[in-house]
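Below is one structure, written out as structure tokens, with a few remarks after it.
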Ligand SMILES: Cc1cc2nc3c(=O)[nH]c(=O)nc-3n(C[C@H](O)[C@H](O)[C@H](O)COP(=O)(O)OP(=O)(O)OC[C@H]3O[C@@H](n4cnc5c(N)ncnc54)[C@H](O)[C@@H]3O)c2cc1C
């Protein structure tokens with residue numbers, strides 16, 4: 001997109017084409033459609049360094065698919081929707097570029113290799129990156145499961161390690177972090193290794209250890225889910241080291257401690273996967289608005305950022321959503337867990353509030369509620385909670401598939417393309433099941 005053309009109008013700029021950013025631009029475009037006067041005055045601009053939108057909930061599948069014909073290209077086609085396809089026939093301009101930061105006094109977004117992009121309204125939806133918490137050795141020796149490239153890298157690394165260890169008959173994998181990403185990945189690994197054993201006519205024994213600092217896996221989830229997940233993972237032969245912090249790692253072992261003064265225990269590994277936490281992308285730290293200790297932006301209930309100087313209203317047209325926002329649960333007063341659904345809902349609220357500003361109406365507050373969730377745990381088995389209802393097994397797994405299809409439908413104009421993408425994923429990723 002030609003940035004010179006964009007500067008002629010006032011810009012509403014959304015940074016990041018992830019769950020929050022896409023929900024925000026699509027909602028705002030829909031609202032603005034009926035108001036030619038607003039459309040004449042404002043450009044709606046979406047910026048992302050990548051030209052595709054990633055469906056992260058299937059990354060554990062990408063990292064563990066045994067399908068031989070699944071090249072990186074075919075995997076990408078199954079989990080990534082081209083931004084162009086999402087924005088087709090929409091009044092949204094896309095700028096593909098790396099965001100370096102923002103100048104909120106000058107109201108500009110600073111881009112690598114392109115002129116600064118002026119804005120009237122700005123939405124931060126840049127997601128998060130793996131947090132290593134300064135634990136020695138994690139950055140050097142672990143692979144984080146955060147983005148598509150990571151998942152593809154994990155898949156090829158495990159395959160290589162499998163081949164190296166096939167003669168010795170054992171493959172040890174340590175997973176740091178027992179949240180949803182860590183447990184989903186670990187559970188699916190058994191299927192991956194089983195498939196490789198069948199293919200190569202071997203009997204390599206898989207030893208997976210999940211290390212989790214909290215007293216249980218899936219911290220923050222309800223007791224039913226934690227208990228069922230514990231039972232399922234144990235049945236799959238996965239070792240659960242809960243209440244243990246990773247203290248360091250070297251190229252052969254991950255060291256854990258149950259308490260800071262306790263003796264270290266080393267767990268040898270062939271592959272070390274890190275899913276122990278995320279932090280906001282560092283672009284936010286030079287955003288000029290208040291950030292908390294994990295780098296997320298503090299917002300009010302309208303998803304508006306907060307200025308460090310309470311007397312300045314410099315942040316009033318700046319919003320933060322999804323993994324970029326630190327939003328507190330009104331009941332527990334603790335930051336709400338970052339999920340795709342939360343990002344989507346906050347993106348819609350930010351869109352609504354920008355539009356209400358343009359109409360001269362008061363902004364509306366974001367109301368948090370406990371969204372349904374589903375946690376796939378190997379094969380066609382999952383655990384789900386929808387309101388007060390718990391689902392387990394095949395039904396919950398089917399719900400997981402339905403959620404994906406419904407989401408893909410919701411972001412594209414072409415239902416057939418969405419269906420084809422979902423089907424491609426199902427074909428590739430159910431090879432282990
Ligand atoms: C492996 C994995 C599994 C997950 N599973 C689930 C799940 O099952 N259910 C669930 O609800 N949540 C899940 N999540 C969490 C969910 O993915 C996030 O909470 C959600 O993506 C947050 O949305 P977002 O819009 O804030 O950011 P994202 O969706 O991460 O989007 C951020 C966008 O910003 C772009 N970007 C970042 N930095 C720059 C830059 N400097 N310049 C330009 N562009 C940039 C990125 O390319 C990206 O497109 C999972 C996450 C992971 C990693």
Could you name every one of the strands (runs of 3 or more DSSP E) located completely within segment 227-296 that has at least 3 residues being within 27 Å of the chain's Cα centre (by Cα) and within 14 Å of residue 172 (Cβ to Cβ)? 271-274
Are any residues in segment 118-127 within 16 Å of the ligand (Cβ to nearest atom) and either modelled with pLDDT under 95 or outside any strand (DSSP E or B) (or both), and if so, which ones? 119, 125, 126, 127
When you look at residue 365, is it assigned by TED's automatic domain parsing to the domain that holds residue 316, under 23 Å from residue 26 (Cβ atoms) and part of a loop (DSSP other than H, G, I, E, B), yes or no? no
Go through (1) exposed (fewer than 15 other Cβ atoms within 10 Å of the Cβ); (2) in a helix (DSSP H, G or I); (3) within 16 Å of the ligand (Cβ to nearest atom) and name the single condition residue 370 misses. (2)
The residue that is nearest to the ligand (Cβ to nearest atom), considering only those in segment 307-324 that are touching a residue at least 40 places away in the same chain (Cβ under 8 Å) and not in a helix (DSSP H, G or I), is 321
Do any strands (runs of 3 or more DSSP E) entirely within segment 53-113 hold 2 or more residues that are in contact (Cβ under 8 Å) with a residue 24 or more places away in the chain and either in the same structural domain as residue 25 (by TED's automatic domain parsing) or over 21 Å from the mean Cα position of the chain (by Cα) (or both), and if so, which? 93-96, 99-103, 108-111
Regarding residue 387, is this residue farther than 18 Å from residue 28 by Cβ and at pLDDT below 95? yes
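The values are calculated or read from the model by the stated rules, or taken from the named source; none is laboratory data. Given the structure is predicted, the values throughout are model-derived calculations rather than measurements. Cβ coordinates were reconstructed from backbone atoms using ideal geometry, including for glycine residues, and neighbour counts include every protein chain displayed.
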